[in-house]
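A.B. asks: One structure, pasted below without further comment.
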Amino acid sequence: MEWPDGRQRCSWANPRNERYIRYHDEEWGVPVHDDHKLFEMLVLECFQAGLSWECVLNKRDAFLKAFDGFDAEKISCYTDEKVAELMSTQGIIRNRLKIQAAVCNAKAFLDIQKEYGTFSKYLWQWTDGKVLHETGRTKSELSDKISADLKKRGMKYTGSIAVYAYLQAVGVISSHDKACFKSSAVQSSAAF
């Protein structure tokens, strides 16, 4: 694929969507330790289930506004009335089960923060703080384990495939294609 700037990117990136290119270049696969950002990505990944990431990404600003800036404390207190309001909110994915899952997941997220001090500590303890490098997968033994644990803690829409995509998004797993300018292989060779 030819990119206007000459850089090679992952095959899934849409060269006609500037927002998607920025996401690929600046966010996807970058290790995240900030709990607010980790929660935002968790909410968005859960809404992505069964849809394309590009669809969710294009609605990100509307989600940010509708979901109180992805404030886990506020979302954990959403009432049935707030869920009904969100069901009529333009610009977001209006799926009642996914909206209710966001509320449920906010509560579980806050419980994990209380137990571990931060959600980041919980998440990164699964890899001893290390970034894993793998491509061509949609789930793994790691995503199976984290998925099972999150479900045990009451989270919804956190199957192994959704969790794997989440781990890629927040940089626990680096999955840039080998030819992509963001891949560790290309970056390592560029250093010499």
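A.B. asks: For SER11, are the conditions met, namely being open to solvent by 30 Å² or more (accessible area, probe 1.4 Å) and over 18 Å from the mean Cα position of the chain (by Cα)?
C.D. replies: Numbers: open to solvent by 30 Å² or more (accessible area, probe 1.4 Å): yes; over 18 Å from the mean Cα position of the chain (by Cα): yes.
Judged against the criteria, SER11 is a match.
A.B. asks: Further question on the same structure: Report the residue count in segment 62-113 for those that are exposed (fewer than 13 other Cβ atoms within 10 Å of the Cβ) and hydroxyl-bearing (Ser, Thr, Tyr).
C.D. replies: Count: 2.
A.B. asks: I'm trying to understand the selection: among the residues of segment 131-145, which are open to solvent by less than 70 Å² (accessible area, probe 1.4 Å) and not in a helix (DSSP H, G or I)?
C.D. replies: VAL131, LEU132, GLU134, THR135, SER140
A.B. asks: What number goes with the only condition from (1) at pLDDT below 95; (2) part of a helix (DSSP H, G or I); (3) open to solvent by 60 Å² or more (accessible area, probe 1.4 Å); (4) β-branched (Val, Ile, Thr) that VAL186 does not pass?
C.D. replies: (3)
A.B. asks: Next up: How many residues, within segment 29-61, are open to solvent by less than 70 Å² (accessible area, probe 1.4 Å), in a loop (DSSP other than H, G, I, E, B) and in contact with a helix residue (DSSP H, G or I) (Cβ under 6 Å, 6 or more places away or on another chain)?
C.D. replies: Residues meeting the conditions: 2.
A.B. asks: With respect to PHE47, is the statement that it is among the hydrophobic types (A, V, I, L, M, F, W, C), under 18 Å from the mean Cα position of the chain (by Cα) and closer than 18 Å to TYR164 by Cβ true? Can you show your working first?
C.D. replies: Values: among the hydrophobic types (A, V, I, L, M, F, W, C): yes; under 18 Å from the mean Cα position of the chain (by Cα): yes; closer than 18 Å to TYR164 by Cβ: yes.
So PHE47 fits the description; yes.
A.B. asks: Right, next: Go through segment 114-130 and give me each residue that's open to solvent by 50 Å² or more (accessible area, probe 1.4 Å) and within 17 Å of the chain's Cα centre (by Cα).
C.D. replies: Those that are open to solvent by 50 Å² or more (accessible area, probe 1.4 Å) and within 17 Å of the chain's Cα centre (by Cα): LYS121, TRP126.
A.B. asks: Let me ask something else. Which one of these is modelled with pLDDT under 95 and more than 17 Å from the chain's Cα centre (by Cα): GLY136, GLY91?
C.D. replies: Working: GLY91 fails: modelled with pLDDT under 95.
Selected residue: GLY136, the only one of GLY136, GLY91 that is modelled with pLDDT under 95 and more than 17 Å from the chain's Cα centre (by Cα).
A.B. asks: Same structure again: Can you run down the residue pairs with Cβ atoms below 6 Å, 6 or more apart or on separate chains, where the first is in segment 134-152 and within 11 Å of ALA162 (Cα to Cα) and the partner is open to solvent by 20 Å² or more (accessible area, probe 1.4 Å) and not in a helix (DSSP H, G or I)?
C.D. replies: Listed pairs, sorted by first residue: SER147/GLY159.
A.B. asks: Can you give me the number of residues within segment 152-172 that are surrounded by fewer than 23 Cβ atoms within 10 Å (Cβ to Cβ) and β-branched (Val, Ile, Thr)?
C.D. replies: 1
A.B. asks: Which residue pairs have Cβ atoms under 6 Å apart, sit 6 or more places apart or on different chains, and have a first residue in segment 81-92 that is under 10 Å from PHE67 (Cβ atoms) and a second that is assigned to a loop (DSSP other than H, G, I, E, B)?
C.D. replies: Within 6 Å, the pairs are ILE92/LYS59.
The values are calculated or read from the model by the stated rules, or taken from the named source; none is laboratory data. Nothing here was measured: the structure is a model prediction, and the numbers come from that model. In this analysis, Cβ positions are derived from the backbone assuming ideal geometry, glycine residues included, and neighbour counts consider all displayed protein chains. What goes into the accessible areas is simple: the full protein's heavy atoms, side chains included, and nothing from ligands, DNA or RNA. Shrake-Rupley method; radii C 1.70, N 1.55, O 1.52, S 1.80 Å.
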